[in-house]
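In what follows, a single structure is set out as structure tokens and then discussed.
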Amino acid sequence: MKHNTIALILGGGRGTRLHPLTAVRSKPAVGVAGKYRLIDITVSNCIHSGINKIFVITQFQSTSLHRHLMQTYRFDAFSNGIVEILAAEQTQESESWFQGTADAVRGSLHHALDYNPDTVLILSGDHLYRMDYELMLAQHWANNADITVAVQPVPRVDAPRMGLLRADEDRNVVEFVEKPQDPAILEKFRAPENLLSASDKSSGEERFLASMGIYAFRPQTLIEALSDKTIMDFGKEVLPQSVGVRKLQAYPFSGHWEDIGTIRSFFDAHMAMVQPDPPFALYTPKWPIFTRTRSLPPAQIIESQIRNSMVSEGSRIIGAIIEDSVIGLRSKVRKGAKLKRVVMQGADYFDGERVKPGAENDSPGIDLGVGENSILEDVIIDKNARIGSNVIITSKSGHPDYKGDSYYIRDGIVVIPRDAVIPDGTII
């Protein structure tokens, strides 16, 4: 039987824990791995899984996300595929904005139901993972489930900050708890052996089934679950209230999965990507990550030393030393600069491309990129930033969060925000 599945991707809330990267954009629009956006990960998973009716629900700082989706995902006229943006809207029934994940789906679902799906797949737009949703959906249909939840076996140290499920040997969910802190409660949620992968079993550690925020619903079940307009969140309300009432199943996923929710997790994920054997590998020909096609020249590297790093198209590295770093599109790193553990998001344009009326060029005295003889360590540089010559930015491990002039310290990482200008000789 051929199924008709639609995907609803949640565009996320304010993303305060990722600030200042989310100061002018939503979380799914944040750049990742030098040339992609976080939303590209989830949309690519959908396309590879044969799901081509994709709706992205947005509310906060969504202009950048809208532009990227419209420029990137265009299906041909014969495929019936769509990537459609569902922006928060006031209606006759509700004049308020979305108050949670369930409320966001409730406010947007009527648009997606016009396509008469037999399954609604609900996804997050800010996770780092590769997943074939077809395998999860096959279990959902074979077991005639009302709801199927993707779960990740996690060690005990991570369990108290997750929503946990307890499932029987047939994968039926019999109990749900949100972020349990009591060790006695936690003990009840140890995962059964038959739901663990070989690597999880061989680790010797206890494992617990944590919700990944990925749900497959029968449309009628979803409509009924959201009919109570006081229900705002899937993890806190919809899932716990469905236990014992609806056929709720767990689908174990043992691949790499990461929630990029904080500056530290964002930074650490990039540092893992540049290692020889990264947990999330970009070099997978059978499952590429799609993004906007750009006509940029190859990266140019002149008399430089680069180790364990990724350098994106349009970049120019001249006489620099770069180690354990991600260099984004159109980046420029000049002579004598030394970058170690740096995530450089690149630029939207080359110097001189955006000339203001009456001005000779668009540069405020300092060119885009990193200037000569600057030393940067443990830094995230957002788009279109200009860092002068002889600038020193060192690791701030253990330093409390702080907002300075044209920079932030978050989770021990220095973040240079979008369009910031760091003058020559600055020491941070």
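Figures for the structure shown
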read-out	value
Among T63, T101, I214 the positive-end extreme of the charge dipole of region 5-273 (Cβ point charges)	T63
Degrees between helix 263-273 axis and first principal axis of the chain (Cα, 0 to 90, nearest 10)	80
Distance from region 212-230 to region 138-154 (C-alpha centre basis), Å	14
Student exercise, the chain dipole from Lys, Arg, Asp, Glu Cβ charges, in Debye to nearest 20	760
Integer Hz, Karplus 6.51/-1.76/1.60 couplings in order for region 283-299, x for Gly and Pro	8, 10, x, 7, 9, x, 8, 8, 7, 5, 7, 10, 9, 9, x, x, 4
Cα centroid of region 61-89 to Cα centroid of region 269-288, whole Å	26
Normalised contact order of region 7-68, rounded percent, pairs of Cα under 8 Å and 6 or more residues apart	47
Euclidean distance between Cα centres, region 234-251 to region 307-333, Å	46
Gyration tensor verdict on region 300-422 (Cα atoms; rounded if a/c is under 1.5, prolate if a/b is larger than b/c, oblate otherwise)	oblate
Helix 133-142 vs. the chain, principal-axis angle (Cα, 0 to 90°, nearest 10)	0
Cα long-axis angle, helix 38-48 against the chain (0 to 90 degrees, to the nearest 10)	50
Taking K27, K236, K188 and counting other C-beta atoms within 10 Å, the order from fewest to most	K188, K236, K27
Two-site label geometry, L135 and V174: point separation in nm, points 7 Å out along Cα→Cβ	2.6
Anisotropy class of region 233-383 from Cα gyration tensor, a/c 1.5 cut	prolate
Amide H contacts under 5 Å for I381, placed H, 5+ residues apart	V343, M344, Q345, I416
Computed [θ] at 222 nm, helices only, for the chain once each DSSP H run of length n ≥ 4 contributes -39500 (n - 2.57)	-5000 deg cm²/dmol
Ranked list, fewest to most other Cβ atoms within 10 Å of each Cβ, for L135, L18	L135, L18
Within region 380-421, backbone nitrogen closer than 13 Å to the virtual label 7 Å beyond the Cα of D268 toward Cβ	411-413
Dipole magnitude of region 300-422, debye to nearest 20 (Cβ charges: Lys/Arg +1, Asp/Glu -1, about Cα centre)	120
Mean Cβ count within 10 Å, highest first, over the residues of peptides 68-80, 319-331	319-331, 68-80
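Read-outs: derived from the displayed coordinates by stated rules, not from any lab. Please read all numbers here as calculations on a predicted model, not as lab measurements. Glycine gets a Cβ as well: all are built from the backbone with ideal geometry, and neighbour counts include every protein chain shown.
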